[in-house]
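The values are calculated or read from the model by the stated rules, or taken from the named source; none is laboratory data. Please read all numbers here as calculations on a predicted model, not as lab measurements. Because the Cβ atoms are built from the backbone with ideal geometry, glycine has one as well, and the counts that use them run over all protein chains shown. Accessible surface areas use protein heavy atoms only, side chains included; no ligands, DNA or RNA. Shrake-Rupley method; radii C 1.70, N 1.55, O 1.52, S 1.80 Å.
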Amino acid sequence: MDRDQARIFSGIQPTGRKHLGNYIGAIRQYVEGQDRGESIYCIVDLHALTVPQDPAELRERLFDTTAILIAAGLDPNRCILFRQSDVREHTELCWLLGTVTAWGDLNRMPQFKEKAEQQRELVSAGLFFYPVLQAADVLAYRATEVPVGDDQRQHIELMRDIAERFNARFGEHLVVPEGRYPEVGARIMNLQDPEARMSTTYGGEQGTVYILDEPEAVRKKVRSAVTDSGTEVRSGPDKAGITNLIEILSVIRGVEPSELEREFDGRGYGDFKGAVADAVVEYLAPVRERYAELRPDEAATEATLASGAEKARAIAADTLADVRRAMGVGAAG
């Protein structure tokens, strides 16, 4: 790797239907990253196993997610796109890095506590250890940056701590990555509960705009978005719903929120919601249409993922060999 060139890595879960928050907060960054450096993107099916999954559905969701990523603009000829479980270096590196990870750091991860509270039966140890595998995903590729949404800041800090602790003890073998967060749109909120982020896990269907929603479904959800009792289109801590819609439209149009506030000054919420709805429909339409073309050909998707895994494995194997050697694991050489 050219040391002056960025190496970008990020992973996305194949669970749930991908929504507008995923698209704005992460996927559009993936696409943009192809123009800035060597880009490596992973469908993290092993992470998905930390909560109960139907095996057949998990495979279907993986194909869904891969098709959405390619439809959104990822080009397998310009990036490495692969399935996590096809590159076994991730799991071995996870164990090795786990030996330099503090239990207390994992115990403070808020996402473990949130997801553990949702489990009615088994709370998986994998759910607790999830951030170490996430660190291994990134550190295996000596990535310089990780494009993620705002909710991943604590996980990025943990993987940086793990890399620094490893390097201090065994030598400078791992790159300490930087998180890359969108300046606008890092945290898109649920349309019916603008105090909670848009998610397939939290909140109802009506507050979540899915990438594959039909245009009329999108319009209905945006027009029924919860707002305050006023009529002024402006951002503010007392106007969470309108602030969220302003942020969505500012990302789509590529303008500052203040410009939208000036444009809709005195026009009221009805006009503004209509404009947001139309913009979201137009924004997602090319992805939805391209997805419909790609999704039926699962053989082509498998071929893409296999080719990506071969390229990814070549990089990860070098890192793992260095880590094993530094830690005294395996045969000397």
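Data for the structure
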| quantity | calculated |
| --- | --- |
| Most mobile listed residue (204, 308, 104) in the chain, GNM with C-alpha springs under 10 Å | 104 |
| Mean shadow area of segment 278-333, taken as a quarter of the surface of its Cα convex hull (nm²) | 6.8 nm² |
| Global form of segment 1-140, assessed from the alpha-carbon gyration tensor, a/c cut-off 1.5 | oblate |
| Computed label-point distance, nm, for sites residue 292 and residue 17 using a 7 Å Cα→Cβ extension | 1.5 nm |
| Per residue solvent-accessible surface (Å²) - the chain, probe of 1.4 Å | 47 Å² |
| The chain - mean residue ellipticity at 222 nm from DSSP helices (-39,500 (n - 2.57) per run, n ≥ 4, rounded to 500) | -16500 deg cm²/dmol |
| Dipole magnitude of segment 1-123, debye to nearest 20 (Cβ charges: Lys/Arg +1, Asp/Glu -1, about Cα centre) | 220 debye |
| If the convex hull is drawn through the Cα atoms of segment 98-254, its volume per residue in Å³ | 156 Å³ |
| Student exercise, the chain dipole from Lys, Arg, Asp, Glu Cβ charges, in Debye to nearest 20 | 520 debye |
| Cα pair distances exceeding 17 angstrom across segment 86-150, given as percent | 49 percent |
| Length-normalised contact order of segment 12-139 in % [C-alpha pairs under 8 Å, at least 6 apart] | 31 percent |
| Length-normalised contact order for segment 151-243 - Cα pairs under 8 Å, 6+ apart - percent | 18 percent |
| Share, in percent, of DSSP beta bridges within the chain that are antiparallel, nearest 5 | 10 percent |
| Inter-probe distance in nm under a simple model that places probes 7 Å from Cα toward Cβ, at residue 255 and residue 187 | 2.6 nm |
| GNM flexibility winner over the chain from 169, 288, 142 (Cα, springs under 10 Å) | 169 |
| The chain - percent relative contact order, Cα under 8 Å, separation 6 or more | 23 percent |
| Segment 214-333 - Rg (one decimal) and Dmax (whole number), Cα, Å | 24.0, 73 |
| Protein accessible area in segment 223-333, 1.4 Å probe - carbon and sulfur % | 49 percent |
| Among the listed pairs 221/311; 113/220; 18/239; 18/311, those beyond 31 Å (Cα-Cα) | 221/311; 113/220 |
| Candidates 231, 200, 15, ranked by Gaussian network fluctuation over the chain, Cα under 10 Å, top entry | 231 |
